[in-house]
């Protein structure tokens, strides 16, 4: 009798809530054939065989509750977070002392999540929500956890260096380039791109890193690539591994397996069971096919109950400004040529003695020389820009691109012809409207490429909330008008504006000047438009 009573008490059904707000009953019991048969008779019941510990669940409706009571289950309808799950709403803000910049509240909770998971987490917030800031703020919390290795796409190495300097106190950052690992490494934070990691992995493991940050971790979705094998080797036996990606699954569940396995290997027993449960693993007559998607809701629950935190823009819009600006530095592949041209330009400016009258008198010559520098800068960064756009297209969002030179627009269109439309001086009025309509209404069209003068006014591109400037205009008004093609009535999301700028070049100088003038325009009701001659004069004076 006593044993029977014990069995009845330990048969439990408790009310729990998924992160999407859906409630369910978590059912646990000591195994007997009778109890298993009873639970299997419940309407819409599910067996969660890939969680630890395993359990059954069922909807918390009156019929199910009545049946469970009839079967002798103890019912607990007091809502609670599932066992082992870190529910975002239950996270408490974390104090991050002496920071250079302030986090948004949702970003603070992301840092709290990483801390709760002891530095083994996947930050999967949508693009533009500041995953980099969250990872670096956790590093700021733990200055004792060094060395740190940050693995990123090549186009983001300089950007990560700047972010480190922005969020960390006196960071000793070194960017690693090339495949010659005989270079001396110094400092405590090392930034390296995925494509050269294979050549450095042994040397980097030799410094005994304490933290690995994997930005755009979906880049290791294929297990057979050299980069994935290098990442796995680098992360072996590392205490803290933080993955960042707004799109950890681009097309199908198999793509997240490597990320999960690296961050916390005990979540999923092995590749075979993962592919059977979540990828519809089957033999197609030629080999095993893992490209399906099954039990996706269960997989989501498994991830958020263990390593993943994900916020969408719509969930945090009230915390974000209407428009956010981001400078993305790009490396030049023609640095020697550009540096020589810039030195010649500086010499020429100094020979004019920097006098305003001389500048005005030589404005045509000055403009020609500056134009030459700008063209060299955009030529030198073009491969990096294409790489950045390619990475962006891993998301499911649309992007508006602005440039000024025909050769830039043509290069982008040639690379992305199947997913892009353009408006420049060669497009008729009818063609303009057709391009806008395609971009606004066709899900397959992901890029709008526009000349700033031809496409910067008179159209609405609210299907996108991301704008990137490959080249800059000569006045701040044109810059504002172009970005406002996206930031218009009907836009329901925060607008992100990216300046894709060649690092330490005239582009950065012009961008800084335009940004300052934009702030002036925003603060004055009837702001005076910046004209080309005034910007040219100020630019020349800066080089004097």
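Readers should treat all values here as calculations from the given coordinates under stated rules, not as data from a laboratory. Keep in mind that this is a model prediction, so the values were computed, not measured. Cβ atoms come from the backbone with ideal geometry, glycine included; neighbour counts cover every protein chain shown.
Where a ≥ b ≥ c are the square roots of the eigenvalues of the C-alpha gyration tensor, would you call segment 88-319 rounded, which needs a/c under 1.5, or, failing that, prolate if a/b is larger than b/c, or oblate? If you can, show how the numbers build up before the last one.
Details: a/c = 2.02, a/b = 1.21, b/c = 1.67.
Oblate, because a/c is 1.5 or more while a/b does not exceed b/c.
Using R₀ = 22 Å, calculate the FRET efficiency as 1/(1 + (r/R₀)^6) where r is the Cβ-Cβ separation of residue 102 and residue 145; round to 0.05.
Values: r = 23 Å, r/R0 = 1.03.
About 0.45, to the nearest 0.05.
In nm, to one decimal, how far is the modelled label at residue 294 from the one at residue 28, with both set 7 Å along Cα→Cβ?
Label-label distance for residue 294 and residue 28, simple model: 2.8 nm.
Can you give the FRET efficiency for residue 203 and residue 415, using 1/(1 + (r/R0)^6), R0 = 25 Å, r = Cβ-Cβ distance, to the nearest 0.05? All intermediate terms of the calculation are to be shown ahead of the outcome.
On the way: r = 34 Å, r/R0 = 1.37.
According to the calculation, E is roughly 0.15.
Calculate the spin-label point distance for residue 270 paired with residue 387, positioning each point 7 Å from the Cα along the beta-carbon direction, and give it in nanometres.
3.8 nm
Express as a percent, rounded to the nearest 5, the fraction of DSSP beta bridges in the chain (both residues included) that run antiparallel.
Working: 14 of 65 bridges.
Of those bridges, close to 20 percent are antiparallel.
If you fit an axis through the alpha-carbon atoms of helix 131-141 and take the longest principal axis of the Cα set of the chain, what angle between them do you get, 0 to 90°, nearest 10?
Between the helix axis and the principal axis of the chain, the angle is about 80 degrees.
Go through 452-463, 474-485, 415-426, 147-158 and give me the packing order, highest mean Cβ count within 10 Å leading.
Details: 452-463: 18.3, 474-485: 20.4, 415-426: 16.7, 147-158: 22.7.
Ranking, from highest mean packing down: 147-158, 474-485, 452-463, 415-426.
Just one of (i) 1.05; (ii) 1.15; (iii) 0.99 is Cα Rg over 2.2 N^0.38 Å as worked out from the coordinates here. Which one is it?
Read-out from the structure maps to (ii).
Relative to the longest principal axis of the chain, what angle (0 to 90°, nearest 10) does the C-alpha long axis of helix 429-441 take?
For helix 429-441, the angle is close to 20 degrees.
Taking 0.36 nm per residue of separation and subtracting the Cα-Cα distance, what length does fully extending residue 49 through residue 224 add? Walk me through the numbers before you get to the answer.
Numbers: separation 175, 0.36 × 175 = 63.00 nm, distance 2.81 nm.
So the extension gain works out to 60.2 nm.
Rounded to the nearest 0.05, what FRET efficiency do residue 336 and residue 36 have when you use their Cβ-Cβ distance and R0 = 51 Å?
Details: r = 73 Å, r/R0 = 1.43.
My answer for the efficiency is 0.10.
Using Cα pairs under 8 angstrom and six or more residues apart, how large is the relative contact order of segment 91-220, in percent? Write down the numbers at each step before the final one.
Details: 176 pairs, mean separation 34.9, N = 130.
Relative contact order for segment 91-220 comes out at 27 percent.
Obtain the nm distance between the two label points defined at residue 515 and residue 407 by a simple spin-label model: each point lies 7 Å from its Cα along the Cα-to-C-beta direction.
Rounded to a tenth, the inter-label distance reads 2.8 nm.
Go ahead and estimate [θ] at 222 nm for the chain from helices alone: -39,500 (n - 2.57) per DSSP H run with n ≥ 4, summed, over the residue count, rounded to 500.
On the way: 21 runs with 225 residues, N = 544.
Per the formula, -12500 deg cm²/dmol.
Once the piece of chain linking residue 77 and residue 443 is laid out straight, how much longer is it, given 0.36 nm per residue of separation minus the C-alpha distance between them?
Numbers: separation 366, 0.36 × 366 = 131.76 nm, distance 4.38 nm.
127.4 nm is the gain from fully extending residue 77 to residue 443.
Could you work out the relative contact order of the chain, using alpha carbon pairs under 8 angstrom and six or more residues apart, expressed as a whole percent?
Values: 897 pairs, mean separation 62.0, N = 544.
With pairs under 8 Å counted, the relative contact order is 11 percent.
Could you give the length gained on full extension between residue 318 and residue 283, defined as 0.36 nm per residue of separation minus the Cα-Cα distance, in nm? Don't skip to the end; give the middle numbers.
Values: separation 35, 0.36 × 35 = 12.60 nm, distance 4.82 nm.
Once the chain is fully extended between residue 318 and residue 283, it gains 7.8 nm.
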